[in-house]
Amino acid sequence: MIKFFLMVNKQGQTRLSRYYEHVEINKRAMLEAEIIKNCLSRSKDQCSFIEYKDFKLVYRQYAALFVVVGINETENEMAVYELIHNFVEVLDKYFSRV
């Protein structure tokens, strides 16, 4: 199950966030800051799956934009990785250049 969906730029600013479970606003800010720090600090050679607290992070980088999805431990990471790619392709077609 997907817990949240984030789009973040390289400067660490959240551009889009969607939570599918209730998380208080102040906890969201702390959670996003930690997640962004973890994803931005990794090199391109490292795996795009991170175990973080009680869930997993699946992220993918497109130019200056990171798409991060938080999932539970039973979800298939590769399926979510493909979902991210399909989502970005749809945005690219709709907006001509994402």
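The values are calculated or read from the model by the stated rules, or taken from the named source; none is laboratory data. In this text the structure is predicted, and so the values were computed from the model without any measurement. With ideal geometry, Cβ positions are generated from the backbone for all residues, glycine too; neighbour counts draw on all protein chains shown. Surface accessibility is based on the protein's heavy atoms, side chains included, excluding ligands, DNA and RNA. Shrake-Rupley method; radii C 1.70, N 1.55, O 1.52, S 1.80 Å.
When the accessible area of the chain is computed with all protein chains present and a 1.4 Å probe, what percentage of it is carbon and sulfur?
Answer for the chain is 52 percent, counting heavy atoms of protein chains only.
Given a 1.4 Å probe, how much area per residue of the stretch 2-95 is accessible, in Å²?
65 Å²
Relative to the longest principal axis of the chain, what angle (0 to 90°, nearest 10) does the C-alpha long axis of helix 77-95 take?
Roughly 50 degrees, rounded to the nearest 10.
What chymotrypsin sites (Phe, Trp or Tyr not before Pro) in the stretch 18-73 are in a loop by DSSP, with at most 12 other Cβ atoms within 10 Å of the Cβ?
Passing sites in the stretch 18-73 are TYR20.
Just to confirm the number: angle between the C-alpha axis of helix 25-40 and the first principal axis of the chain, 0 to 90 degrees, nearest 10?
Tilt relative to the chain: about 60 degrees.
Any chance you could run the full-extension gain for GLN61 through ALA29? It's 0.36 nm times the residue separation minus the Cα-Cα distance, nm to one decimal.
Fully extending the segment from GLN61 to ALA29 adds 9.4 nm.
Would you mind computing Rg(Cα) / (2.2 N^0.38 Å) for the stretch 2-95, counting N as its residues?
Computed over Cα atoms of the stretch 2-95, the ratio equals 1.02.
What distance in nm separates the simple spin-label points at GLN13 and SER43, each placed 7 Å from Cα in the Cβ direction?
Those two pseudo-labels are separated by 2.9 nm.
Hand me the tally of lysine pairs in the chain: alpha carbons under 28 angstrom apart, and the pair either on different chains or 8 or more positions apart.
Taking the Cα cut-off of 28 Å, the pair count is 20.
List the GluC sites (Glu not before Pro) within the stretch 16-98 that fall in a DSSP loop (any state other than H, G, I, E or B) and whose Cβ has at most 15 other Cβ atoms within 10 Å.
When the GluC sites (Glu not before Pro) of the stretch 16-98 are filtered for loop state and at most 15 Cβ neighbours within 10 Å, GLU21, GLU24, GLU73 remain.
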